[in-house]
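First comes the structure, then the notes that go with it.
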């Protein structure tokens, strides 16, 4: 009864001459008795025949399938026997990847999980280029006709719906059910992805003053979106706060538990953007900024998303210069993911292969013979620039190896500087110190594998005891799951959306000053990072 | 705000950087301020683009079009200027005829009215034969599959939807608008017609214990029924009480005002069935029975529905035997409608052309020469039976004339006997006398033209002062109009449906006894009709 859809036992007496209530009225009355909380209960038109026939065939007793909608409940199906599972899909609609789980709402168990590339990438890697594609013809028109659908928008919607359908079918196959057995879908994504998924004009999202068409979507049926899940499955789209603060972050807030916490906590979600929330059960302040690409594997030449073959951790012994790395799946290294990159750059700093500006040092000027030998073994030239070869099995140019270039390093430094600038601007804005935070949840592809120690070394995260940090994985997906499992979470979302204060960093002068200070390892002011060793700048 | 759909003025401020609420959230917030009653307000998915674009084009100020649904309100459109009219259609979905009006919900004015034959007649003249057609294939299956649609049911639904669409277009043309400008539809019909209109299986309606699939339909959008009215126009189907007590009668109760009356009143609605309700604001008891066909022009050979060419009134001077009749439209008589038939039979009784059993008397045995001459002039032989020629311009067999046959008379007597039996059974059941009724509303095609005096003479209606009777016309249509104009009426309908007690006459022994006693003119017990002269039986 507290899940987005649920089954409820119904025992009605069969009709007789002196009790000739209509079939569906009989069902509704029996259900109202079972549920006994006075919430409105309807049987939507497309379900009337199905429900009435199944109710009669079951002898007027069995299990009604009920959807919990905002404004009331809907009876959408009827079973003679309690179904073995009651499947619902939670979906993280990411800009680059879709990640989904299938839950059994009766047991709360996870039946399946899988992911898929967001095939919209074919129309643009990032949000801005997707909006551009979605508004190709629409840009000619100041006020498009009410029924105008930009072909580009249609294309993007069809693409994402096809991908979601594929993912639904993959999950269903894993769980041994059919896609139409999926009885609810909860979707968590950024504001633009939500618009594209619903085929709604994203034109104003990226134009000052950055206005989405909607933040709160109404409940939609699966069939209205041409989804292969059950046609009357409710599709819940996590509400967003603004153009650059999407439902994925509301999910993150849910998953982190900030909004239930008495003490002040912080959530850092690094996806395509870095999004940060600070607060407790009484207040929430959020901001977002471009800090992510280098951390998500989107910038470094050898960067890749965390997946098989990605180097996910690197360690270099500062005494012996012995280097170790581990790839996901333990296979041959094909690239390096965000957490591996942070490990690597932190190790390069601690072993003084790079300086505090993040530049490769000259091995010839290095007095320590062991360090110099290590540097010479790994620093190679490519296109006239110094690079660091993590693996060294390839040819002398590093072809075939996992190689970190200076441009990658520069991007990495910019990203970590942006991240730290965002965090300090925000903490300053609320008049607090980092040390007052009870917990920092780190979410996203970034948060799943990152070691806070290395991130602190780089000056990306504040220098706090490691126990303060908690990795919560794909919080966008976790939030979407929560909504399916607990009905009251939808109200909680509304509460979060309406209580949150959004800090616009793009227009914040202070942010730019802080950003400049953070472009060194760990910082121009090393006293902010007492746990990180500092070295002479040479 | 109290009509089924309404416009409301919205003044929102355009978005700026520090106020970057999404367009639709902005609209919802401004609307919530205007409406100020806390009822849930959503913008349904299919309307989001239209509403958002119109809101932006209008500069974030204008008029929102809002539908008042049971569980909340829906914003379905937006206008820069207040629309000239806000059209809604009320429809009486009769078994033989559709009758509809177009209302302007802003002024309450009637913009247009029209009617059309129910083209389902091609599949069966009465409800039973329609159910038979709608269940041709389905009857093979005890438990049809959830998605099984009987081709016959599909055919009947398509036919009625086509007719409703035609009527909507006729009304729209009269009012100088397009059908898609019709923003709401309220439908009042008997239980079977409601099932056929919605394409819902009527199989059990006519099978003991006579169970409809539904009594209360959910709100349905025009597009879900393939209607040509606005796709998001709410379609409200008047709830019914049971298989033989439909929404048309709930409409009748609304139109008659019984359920608001302190004193006890009665409603008599003669359509294809005779339906009677008695009660006041505290209680309502209803019953229905087959009494109608002869009165609706469905039985008499020359019977026809009230329309151009129908003889609607007949008078015969009991002294001079001068006969007068009037046709609707004052044209040549083509047949006789219910009210004309009642006039005629009452006149034939008062002039002693027929006896108390309703049989034609023998002109040769009539001692009064004037009466005998009149009888000889009008009584003709056809197929060996005596008939009464109302018009006498045709040949000697009455070909081309309007002629009343003995079988017509017999059917008429059965109908009037059934009607009186229904009324007396009901009044007896509630322990009252007819004289205690404050008002008797007479509705239906029958009620529109009938003269209570003549109906009393026949012993069809109780012998009460004529001032007690009130003709309320097509009460099914009037009720449908009320629902459009006043939102609270829907709750009133629910109250009526749940408070009504239904008396099943088909299983009532007492009814059969009363029916036998009523098969004379005016009755076997003439003391029940003191105002009606009695004659020796010869």
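The numbers here are math on the coordinates, done by the rules we state, and not lab data. In this text, all values refer to a predicted model and were calculated from it rather than measured experimentally. Glycine also receives a Cβ, built like all others from the backbone with ideal geometry; neighbour counts cover every protein chain displayed.
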Would you please calculate the Kirkwood hydrodynamic radius of the stretch B:356-486 over all C-alpha pairs and express it in Å, rounded to one decimal? 17.8 Å
Note down the nm distance, to one decimal, between modelled labels 7 Å out along Cα→Cβ at residue B:148 and at residue A:385. 7.2 nm
Using alpha-carbon coordinates, inclination of helix B:48-57 to the longest axis of chain B, degrees: 70 degrees
Please find the FRET efficiency linking residue B:173 to residue B:283, where r is the Cβ-Cβ separation and R0 is fixed at 30 Å, and quote it to the nearest 0.05. 0.10
Any idea what the residue B:32 label distances to the other copies are, label 7 Å down the Cα→Cβ vector, nm, shortest first? 2.9
Distance in nm between label sites at residue A:376 and residue A:1, each 7 Å beyond Cα in the beta-carbon direction? 7.8 nm
The simple spin-label model distance between residue B:320 and residue A:122, using points 7 Å out along Cα→Cβ, in nm, is 9.3 nm
How compact is chain B by the rule of thumb for globular proteins, expressed as Cα Rg over 2.2 N^0.38 Å? 1.11
Teacher prompt: residue A:231 distances to equivalent labels in other copies, 7 Å Cα→Cβ, nm: 1.7
For chain A, share of DSSP beta bridges that run antiparallel, in % to the nearest 5: 70 percent
Please list, short to long, the whole-number percent of alpha-carbon pairs of the stretch B:183-336 in consecutive 5 angstrom bins beginning at zero. 2, 8, 12, 13, 14, 14, 14, 11, 6, 3, 2, 1, 0
If the label point is 7 Å along Cα→Cβ of residue A:80, which residues in the stretch A:144-182 have backbone nitrogen under 17 Å from it? none
What do you get when you divide the Cα radius of gyration of the stretch A:108-190 by 2.2 N^0.38 Å, with N the number of residues? 1.38
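Restricting to Cα pairs below 8 Å that are 6+ residues apart, what does the relative contact order work out to for chain A? Please round to a whole percent. Show your work: numbers first, answer last.
Working: 1168 pairs, mean separation 71.3, N = 538.
With pairs under 8 Å counted, the relative contact order is 13 percent.
If I take every Cα pair under 8 Å that is 6 or more residues apart in the stretch A:297-410, average their sequence separation and divide by the length, what percent do I get for the relative contact order? Walk me through the intermediate numbers first.
Details: 206 pairs, mean separation 27.0, N = 114.
About 24 percent, as a whole number.
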At residue A:517, label 7 Å along Cα→Cβ: distances to the other copies, nm, ascending? 10.3
Rg/Rh for the stretch A:297-410: what does it come to with C-alpha atoms and Rh from Kirkwood? 0.94
C-alpha long axis of helix B:338-350 to longest principal axis of chain B, angle in °: 20 degrees
Give me log10 I(q)/I(0) at q = 0.12, 0.21 Å⁻¹ for the stretch B:1-154, Debye formula, one equal scatterer per alpha-carbon, no solvent. -0.73, -1.20
Extent along principal axes [Cα atoms of the stretch B:258-538; Å; largest to smallest]: 60, 39, 32
From the helices alone, meaning DSSP H stretches of at least four residues, give me the mean residue ellipticity at 222 nm for the protein assembly as shown, per-run term -39500 (n - 2.57), in deg cm²/dmol to the nearest 500. -9500 deg cm²/dmol
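Looking at the protein assembly as shown only, what percent of DSSP beta bridges run antiparallel? Nearest 5 please.
70 percent
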Subtracting the Cα-Cα distance of residue A:109 and residue A:499 from 0.36 nm times their residue separation yields 137.2 nm
Rounded to the nearest 10 degrees, the helix A:247-256 long axis (Cα) sits at an angle to the longest Cα principal axis of chain A of 80 degrees
P(r), alpha carbons of the stretch B:87-237 - 5 Å bins starting at zero, rounded %: 2, 10, 19, 22, 18, 13, 8, 5, 2, 1, 0
Can you check how the C-alpha radius of gyration of the stretch B:410-481 compares to 2.2 N^0.38 Å, as a plain ratio? 1.14
Over the alpha-carbon set of the stretch A:5-79, work out the extent along each principal axis and list the three values in angstrom, largest first. 37, 23, 19
What is the gain in length, in nm to one decimal, between residue B:57 and residue B:392 on full extension, counting 0.36 nm per residue of separation less the C-alpha to C-alpha distance? 113.6 nm
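Taking every pair of Cα atoms in the protein assembly as shown, average 1/r, invert it to obtain the Kirkwood radius, and report Rg/Rh to two decimals.
For the protein assembly as shown, the value is 1.16.
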Distance in whole Å from the B-onto-A rotation axis to the closest C-beta of chain B, together with the residue it belongs to, please. B:71, 2
Give me the percent relative contact order of the stretch A:115-196, please, defined on Cα pairs under 8 angstrom at least 6 residues apart. 31 percent
